[in-house]
1. Restricting to segment A:153-186, name every residue that is in a loop (DSSP other than H, G, I, E, B) and of a type in the set (S, T, N, Q).
2. Pick out the one residue from B:ALA135, B:ALA131, B:ALA122, B:ALA215 that is of a type in the set (A, V, I, L, M, F, W, C) and modelled with pLDDT under 95.
3. If we scan segment B:238-246, do we find a residue that is in contact with a strand residue (DSSP E or B) (Cβ under 7 Å, 6 or more places away or on another chain), under 22 Å from B:LEU46 (Cβ atoms), hydrophobic (A, V, I, L, M, F, W, C) and modelled with pLDDT of 95 or more?
4. Quick check: anything in segment A:68-82 farther than 30 Å from A:GLY220 by Cα, at pLDDT 80 or above and among the small types (Gly, Ala, Ser)?
5. All but one of (1) modelled with pLDDT of 95 or more; (2) under 29 Å from B:LEU159 (Cβ atoms); (3) of a type outside the set (Phe, Trp, Tyr) hold for A:ARG236, so report the exception by its number.
6. Tally the residues that are touching a Pro at 6+ places or on another chain (Cβ under 8 Å) and under 18 Å from A:GLY75 (Cβ atoms), restricting the search to segment A:19-46.
7. Can you name the residue in segment A:24-51 that is farther than 28 Å from A:GLY220 by Cα and modelled with pLDDT of 85 or more and, of all such residues, is surrounded by the most Cβ atoms within 10 Å (Cβ to Cβ)?
8. Can you tell me which residues in segment A:72-96 are surrounded by 14 or more Cβ atoms within 10 Å (Cβ to Cβ) and more than 20 Å from A:ASP22 (Cβ to Cβ)?
Amino acid sequence: MSDSCFQLKGSVLTVVVLELYDFSSTAFAKQLQQKVKQAPMFFQGSPVVISLEKLNIEVKRIDFTILIGLCARYGLKPMAFKGGSQRFRDAIKSTGLIHLPAASLKSATEPVEKPQPAAKVEPETAIEPETVVKTVDEEKNVFWPTKLITQPVRSGQQIYAKQADLIVTSHVSEGAEILADGNIHVYGALRGRALAGAQGDENARIFSQSMEAELLSIAGNFILNEDIRTRVWKERAQVYFNNNVLHLKPI
Amino acid sequence: MAKIIVVTSGKGGVGKTTSSAAIGTGLAMNNKKTVIIDFDVGLRNLDLIMGCERRVVYDFVNVISGEATLNQALIKDKRLKNLFILPASQTRDKDALTKKGVEKVLNDLSKDFDFIICDSPAGIEKGAQMALYFADEAIVVTNPEVSSVRDSDRILGILQSKSRRAENGGDPVVEHLLITRYDPERVIAGEMLSISDVEDILAIPLLGVIPESEAVLKASNQGTPVILDEKTKAGLAYSDAVMRLLGSNVDYRFITVEKKGFFKRMMGAGR
């Protein structure tokens, strides 16, 4: 053991970047509320860097105290501002947050709102060692392993595979609920509720060896037990979303 | 070390206490030193079914709060030397049971007994969770009808997530399915779920099937566990279940419709 209490290290962190285009407190609050509603757990307490690089309005039109207050109200933790002209830099001094220089690296341009199937891993954007905060498109680059459940999912239980596929090798009881941001595979009977593409991925699918579900949903488009009963009841089947229609087909 | 078995169901009125009494008695008949604990604080019934209600002086809650010793509260069965009952308190509520207190009582009992049967209250709240928390094995009592099966499914989920074994990440609680009030004739008529329907939904191994029998009600009212009456089908079915619990391979009886003889048909014609 060494005697020193600490060591200084350079590190590359992943944070959410809120890229501001325009600001009016009502429009901003409304959009943020909708965004957070999609994935409350994801945004709760999540540190965020507010980027001013794309902001093309006059300084006096933006009240940074309100901006930070709104972020805090919806659970985000603003930690810094990034980029922007000298005028903005002067204006944010009163907020007490730090200012980071505009990213010299190619920041991910995709907004954090289009989750892709987790299986797709893209090479990370170029790393510049002297940059402390690196922006990456988190939803795209983070790979979460498929969630595997080998026990029956019982009535009253809820299983959520965040940013991943879900495989259940046993059955899912009536009154149970399984969710995944990716695809769902059930190798026993599926009798409960199953929601794939929970964060909006319309390419997600649900597969089951015996389709007896109470509700099936792909990216918020759902069908109920009554429909399933008349079409693929207790059959091997899959559900997918195509041309704005939910397809329920035997396999 | 005793094996701790919880008898639970979620739904009320399916036969938890009847089954606790019968199985506990059955284990004692097989020379296993057994204690049955009534966890249904405030609605105690086990003492009635065991026929020892007049001998209750101290109860489970008294022991937990230190007002009585375990030996003072344990009631020895008059019929079997290996059988003891720890009654619930009728004047308190479920909050009187603390995890620490229950653990101490179970640890003390564990030293002397082979089996501890915990008779759970209905529901999925604190009382039921306390009864199943320390269990090594669980007997899930289910009637062959949909609401009972769904509630059993719910309690199985709680066993897998809220028991001590689940919290400590050890071996999961061993689960057994006990189907009670089974009537093969009504299954054929489509009025009742079949054994395979129930097994299909709950997906746990079957321990026993107790046929619907008038003898159960009679035994309860008399304070004699039904297993002691070897002339009844329910009693025999409970004996079989106990043998399976002890590891024997016993064939199932009374699960198909009997062919009625001429005499029986005449006698039963009026019903």
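1. We begin by selecting, within segment A:153-186, every residue in a loop (DSSP other than H, G, I, E, B); these are A:154-157, A:162-165, A:169-171, A:173-176, A:181-183.
Of everything in segment A:153-186, those that are in a loop (DSSP other than H, G, I, E, B) and of a type in the set (S, T, N, Q) turn out to be A:SER155, A:GLN157, A:GLN163, A:THR169, A:SER170, A:SER173, A:ASN183.
2. Working: B:ALA135 fails: modelled with pLDDT under 95; B:ALA131 fails: modelled with pLDDT under 95; B:ALA122 fails: modelled with pLDDT under 95.
So the residue among B:ALA135, B:ALA131, B:ALA122, B:ALA215 that is of a type in the set (A, V, I, L, M, F, W, C) and modelled with pLDDT under 95 is B:ALA215.
3. So in segment B:238-246, the residues in contact with a strand residue (DSSP E or B) (Cβ under 7 Å, 6 or more places away or on another chain) come out as B:238, B:240-241, B:244-245.
Pick out the ones that are also under 22 Å from B:LEU46 (Cβ atoms) and you get B:238, B:241, B:245.
From the residues that got through so far, the ones that are hydrophobic (A, V, I, L, M, F, W, C) too are B:241, B:245.
Next cut, modelled with pLDDT of 95 or more only: B:241, B:245.
Yes: one or more hits.
4. Scanning segment A:68-82 turns up at least one residue that is farther than 30 Å from A:GLY220 by Cα, at pLDDT 80 or above and among the small types (Gly, Ala, Ser).
5. Every listed condition holds for A:ARG236 apart from (2).
6. Start the filter on segment A:19-46 by keeping residues that are touching a Pro at 6+ places or on another chain (Cβ under 8 Å), which leaves A:19.
Next cut, under 18 Å from A:GLY75 (Cβ atoms) only: none.
Residues meeting the conditions: 0.
7. A:ILE50
8. A:GLY75, A:LYS77, A:MET79, A:ALA80
The values are calculated or read from the model by the stated rules, or taken from the named source; none is laboratory data. Computed from a predicted structure; not experimentally measured. Cβ atoms come from the backbone with ideal geometry, glycine included; neighbour counts cover every protein chain shown.
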